[in-house]
Amino acid sequence: MNEELLRLSKRMSELGLCSRREADEWIARGWVRVDGKVISELGSKVYPSQRVTVERQAAAEQSKRVTVLINKPMGYVSGQAEDGYTPAIALINAETRWAECKVAEQFHPTQLRSLVAAGRLDIDSVGLLVLTQDGRVAKTLIGQDTEIDKEYLVRVQYSKGGRLPDADLKRLNHGLWLDGKALLPAKVRWQNDDQLSFTLREGKKRQIRRMCEAVGLQVVGLKRVRIGRIKLGDLPTGQWRYLGPDEQF
């Protein structure tokens, strides 16, 4: 078999273990093994068939795993590509990073590996979407017993003429059922004549659209503007930024 030798740091980057810069750092610290043997010399080369592993300390270093906030445009799906639709992760590259992102982190394509959407946003909804490499962030946002609320601005049309009765606004806040289960209390209030603010603790599939349908409202536009303490703010459509080390949901 005719195999070509590769720089170990390049191979580690290809395997998605880390960036090349991180690889060199880990090699120098003696954290990298090839076929079980510690390799600590920079510039070492390996065959692609050799097994590259890293020590536990390296995993700890990766607590630097990134979390990305994106203002998802319409027509993109949140997670995996489906039915020919493009996933939001395709929008993340060095060019689409918001110029006002305050985090010093340098973008590297390896950050796209194992970057997963922490929560859904429908294809025809826009606004704040979180993608993270950090399992702890994902658990905070979408774990079974999450305490994190999410706020949406929802443009609506009332199909029954006139204005939505107060009794139906009350039902949106508490009293609706979906799929045979009572919904948790929500906070729903008018922002202006044709726009409601919804604050929810749960996120069933197409929940807001179905809640609106139940009281005769048609959703014309839906935008997520906040997740916990993190606001969409001025982040432009189709652009992204890193979650800062001082920011928490």
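Some notes on this structure:
- The aspartates and glutamates whose alpha-carbon is closer than 19 Å to the alpha-carbon of residue 181, local same-chain residues fewer than 8 away aside, are 145, 168, 202, 213.
- Bridge orientation summary for the chain: considering DSSP beta bridges with both residues in this region, about 90 percent are antiparallel.
- Here the calculated FRET efficiency for residue 149 and residue 65, from their Cβ-Cβ distance with R0 = 30 Å, stands at 0.80, rounded to the nearest 0.05.
- Cβ-defined net charge surrounding residue 112, 13 Å radius [Lys, Arg +1; Asp, Glu -1]: +3
- With DNA, RNA and ligands ignored, accessible area of residue 83 (1.4 Å probe; Å², nearest 10): 130
- Per-atom-type breakdown for the chain gives carbon and sulfur 47% of the accessible area (1.4 Å probe, protein chains only).
- Dipole magnitude of the chain, debye to nearest 20 (Cβ charges: Lys/Arg +1, Asp/Glu -1, about Cα centre): 440
- For the range 14-77, the relative contact order works out to 24 percent when only alpha carbon pairs closer than 8 Å and six or more residues apart are counted.
- Rounded if a/c under 1.5, otherwise prolate or oblate - the range 1-75, Cα gyration tensor axes: oblate
- Where only DSSP H runs of four or more residues are counted, the chain gives -5000 deg cm²/dmol as its mean residue ellipticity at 222 nm, each run worth -39500 (n - 2.57).
- Rounded to the nearest 10 Å², the accessible area of residue 55 at probe 1.4 Å: 50
- In a reduced charge model with +1 at each Lys and Arg Cβ and -1 at each Asp and Glu Cβ, the range 120-244 shows a dipole moment near 120 debye about its Cα centre.
- Using θ = phi - 60° and Karplus 6.51 cos²θ - 1.76 cosθ + 1.60, couplings along the range 120-129 (whole Hz; Gly, Pro as x): 8, 9, 4, 4, 9, 10, 10, x, 5, 10
- Label point distance in nm, residue 179-residue 191, each placed 7 Å from Cα along Cα→Cβ: 2.6
- Residues 72, 223, 170, ordered by accessible area of protein heavy atoms at a 1.4 angstrom probe radius and largest first, appear as 170, 223, 72.
- Our note on the geometry: Cα centres of the range 194-226 and the range 33-57, 51 Å apart.
- Think of the range 62-220 as a dipole: +1 on every Lys or Arg Cβ, -1 on every Asp or Glu Cβ, centred on the Cα centre; then among 180, 129, 92, 180 lies furthest on the positive end.
- Heavy-atom accessible area ranking, 1.4 Å probe, most first, across 76, 85, 152, 47: 85, 47, 76, 152
- Residues residue 15 and residue 218, FRET efficiency given R0 of 45 Å [Cβ-Cβ distance, rounded to 0.05]: 0.35
- Those trypsin sites (Lys or Arg not before Pro) in the range 31-119 that DSSP places in a loop and that have at most 14 other beta carbons within 10 Å: 51, 102, 113
- Averaged per residue, the chain has 57 square angstrom of accessible surface, using a 1.4 angstrom probe with ligands and nucleic acids left out.
- Expressed as a fraction of 2.2 N^0.38 Å, the value expected for a compact globular protein of N residues, the C-alpha radius of gyration of the range 10-126 is 1.30.
- Among 214, 79, 107 the positive-end extreme of the charge dipole of the chain (Cβ point charges): 214
- Taking a ≥ b ≥ c as the square roots of the eigenvalues of the alpha-carbon gyration tensor, the range 34-97 is classed prolate because a/c is 1.5 or more and a/b outweighs b/c.
- Which listed pairs, of 160/205; 139/187; 37/102, have C-alpha distances above 31 Å, in listed order: 37/102
- Residue 190 accessible area, 1.4 Å probe, all protein chains in place, Å² to nearest 10: 70
- Protein-only accessible surface at a 1.4 angstrom probe places the residues 53, 67, 140 in the order 140, 53, 67, largest first.
- Base-10 log of normalised Debye intensity for the chain (one unit scatterer per alpha-carbon) at q = 0.07 Å⁻¹: -0.34
The values are calculated or read from the model by the stated rules, or taken from the named source; none is laboratory data. It should be emphasised that the depicted structure is a prediction, and the values quoted were computed from it without experimental measurement. When we count neighbours, we look across all protein chains shown, and the Cβ atoms used for this are built from the backbone with ideal geometry, even at glycine. Side chains are part of the model used for accessible areas, which takes the heavy atoms of the whole protein and leaves out ligands, DNA and RNA. Shrake-Rupley method; radii C 1.70, N 1.55, O 1.52, S 1.80 Å.
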